[in-house]
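Below is one structure; the comments refer to it alone.
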Amino acid sequence: MSPGRKLPDSVTKTMAWTAFDHIFTEVDWRLRFQCLDPVSFDVEYDDAYASCLSRGEPWRGTLQARSWIANRVLELASSFNKTFVRRCSLQLPETPEDATAEALLSNLERRIRDMVLDELVDHFDQSIPEWERDIQVEVAALDDPDTRWQVSRFVGLDQTVSVDAMRKAIRFVFSRTHWYLNEVKGVTQVIPDWRFEQVRALRASLDERTRARSLVARCIETLVDDHAREQRAGVEAAPMTRLRLKAEIERIFHEKGVWGVVETVLPRDRSRHHLRCPEGLGEHLEGLVQQQKQRMGVI
């Protein structure tokens with residue numbers, strides 16, 4: 001998905017979130033079909049929304065923020081096509097009046113909101129690189145080798161790989177392994193082939209390429225497990241497919257980097273491998289561990 005024009009430097013975080021609330025709660029806009037063959041969309045909006053589209057003076061950060069978000073909504077809507085809809089596992093209607101049409105448009109409107117939200121978070125949140133540098137320094141300063149090893153495994157430092165290795169691993173797991181999804185008593189499960197099972201098990205490999213492939217395989221299982229919990233709870237959810245899984249992992253990787261994938265699988269890894277954080281680490285290091293827990297939403 002094209003990122004569109006850059007958010008102006010005059011926009012602060014507070015201005016951006018105020019503008020986000022304004023565009024998504026205080027003005028009226030809705031997605032509509034522009035055409036069904038080929039599939040395309042545009043946005044119908046009121047005068048209040050139209051007034052947000054103009055950038056205004058460069059020094060008016062609030063207006064700049066509203067303009068960026070309002071225009072980004074239009075850019076995203078115009079970029080949606082049949083391939084995108086299918087990748088989201090959504091059903092296209094035969095006509096704009098079909099019963100499924102309203103549900104599709106509503107779902108895509110929510111996706112626009114979530115995509116803009118993720119882009120703003122990504123733009124302003126520089127905490128992960130800073131956190132990674134800080135925790136690497138703190139862990140390296142620990143005197144006891146066993147404590148260093150335990151903390152590294154608990155926070156996922158042992159799972160980090162290069163961006164290039166992660167990109168190649170996603171391609172490998174989705175094109176060179178032949179796992180598939182199956183419904184067992186109404187619950188989706190991953191049915192692995194031998195190659196998927198092999199890379200999944202090599203979490204602790206010293207080889208970066210292998211470790212990255214294992215990370216992607218475990219991310220697939222984690223996302224399917226989350227979907228299965230929703231199914232057991234009776235939550236309405238779009239069917240899980242390989243395409244949907246690939247799109248979700250690529251989204252996580254694109255928006256949050258390698259740490260996004262690591263922290264997606266980390267709660268499951270901690271449970272399965274009995275990873276525990278030692279006590280008495282010192283105020284600064286314990287504070288960094290808490291930051292990660294807050295980021296992962298596990299507190």
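The values are calculated or read from the model by the stated rules, or taken from the named source; none is laboratory data. Source: prediction; values computed, not measured. Positions of Cβ are generated from backbone atoms using ideal geometry, with glycine treated the same way; all protein chains shown enter the neighbour counts. Accessible surface is based on the protein model in full, side chains and every heavy atom, while ligands, DNA and RNA are left aside. Shrake-Rupley method; radii C 1.70, N 1.55, O 1.52, S 1.80 Å.
Assorted remarks:
- Filter result (over 21 Å from residue 243 (Cα atoms) and either open to solvent by less than 30 Å² (accessible area, probe 1.4 Å) or more than 19 Å from the chain's Cα centre (by Cα) (or both)) within segment 151-182: 151, 152, 153, 154, 155, 156, 157, 158, 159, 161
- Residue in segment 208-223 that is at pLDDT 95 or above and open to solvent by 80 Å² or more (accessible area, probe 1.4 Å) present: yes
Table: residues versus (1) surrounded by fewer than 13 Cβ atoms within 10 Å (Cβ to Cβ); (2) touching a Leu at 6+ places or on another chain (Cβ under 6 Å); (3) of a type in the set (D, E, K, R); (4) within 21 Å of residue 114 (Cα to Cα).
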| position | (1), (2), (3), (4) |
| --- | --- |
| 252 | no, no, no, yes |
| 256 | no, no, yes, yes |
| 264 | no, no, no, yes |
| 270 | no, no, yes, no |
| 279 | yes, no, yes, no |
| 282 | yes, no, no, no |
| 286 | no, no, yes, no |
| 291 | no, no, no, no |
| 294 | yes, no, no, yes |
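- Within segment 58-86, the set of residues being over 30 Å from residue 242 (Cβ atoms) and open to solvent by less than 80 Å² (accessible area, probe 1.4 Å) comprises 61, 62, 63, 64, 65, 66, 67, 68, 69, 70, 71, 74.
- Every condition in (1) in a loop (DSSP other than H, G, I, E, B); (2) touching a residue at least 60 places away in the same chain (Cβ under 8 Å); (3) not aromatic (Phe, Trp, Tyr) holds for residue 6 except the one numbered (2).
- Condition broken by residue 129, with the remaining ones in (1) in contact (Cβ under 8 Å) with a residue 24 or more places away in the chain; (2) not in a loop (DSSP other than H, G, I, E, B) satisfied: (1)
- Residue within segment 65-80 that is in contact with a helix residue (DSSP H, G or I) (Cβ under 9 Å, 6 or more places away or on another chain) and over 19 Å from residue 123 (Cα atoms) present: yes
- First in segment 148-165 and at negative phi, second anywhere and aromatic (Phe, Trp, Tyr) and open to solvent by 50 Å² or more (accessible area, probe 1.4 Å), Cβ under 9 Å, 6 or more apart: 158/149
- Extreme residue, surrounded by the most Cβ atoms within 10 Å (Cβ to Cβ), among residues of segment 183-200 that are within 24 Å of the chain's Cα centre (by Cα) and in a helix (DSSP H, G or I): 199
- Segment 95-108 - residue that is in contact with a strand residue (DSSP E or B) (Cβ under 8 Å, 6 or more places away or on another chain) and open to solvent by 50 Å² or more (accessible area, probe 1.4 Å) and, of those, modelled with the lowest pLDDT: 96
- The residue pairs whose first member lies in segment 276-288 and is part of a loop (DSSP other than H, G, I, E, B), whose second member is polar (S, T, N, Q), and whose beta carbons are closer than 8 Å, counting only pairs six or more residues apart or on different chains, are 276/150; 277/150; 278/147; 278/150; 281/147.
- Residue match in segment 104-125 (condition: closer than 30 Å to residue 280 by Cα and out of contact with any His (no Cβ under 9 Å at 6 or more places or on another chain)): yes
- Candidate set: segment 1-35, residues that are closer than 20 Å to residue 102 by Cα and out of contact with any Asp or Glu (no Cβ under 8 Å at 6 or more places or on another chain); chosen: the one surrounded by the fewest Cβ atoms within 10 Å (Cβ to Cβ): 25
- Lone unmet requirement of (1) part of a helix (DSSP H, G or I); (2) acidic (Asp, Glu); (3) under 30 Å from residue 276 (Cβ atoms) for residue 143: (1)
- Near pairs, Cβ below 7 angstrom, 6+ apart or cross-chain, from segment 262-274 (farther than 15 Å from residue 297 by Cα) to any residue that is hydrophobic (A, V, I, L, M, F, W, C): 269/275
- For segment 16-56, the candidate set comprises residues that are assigned to a strand (DSSP E or B) and of a type in the set (Phe, Trp, Tyr); within that set, the residue that is farthest from residue 108 (Cα to Cα) is 45.
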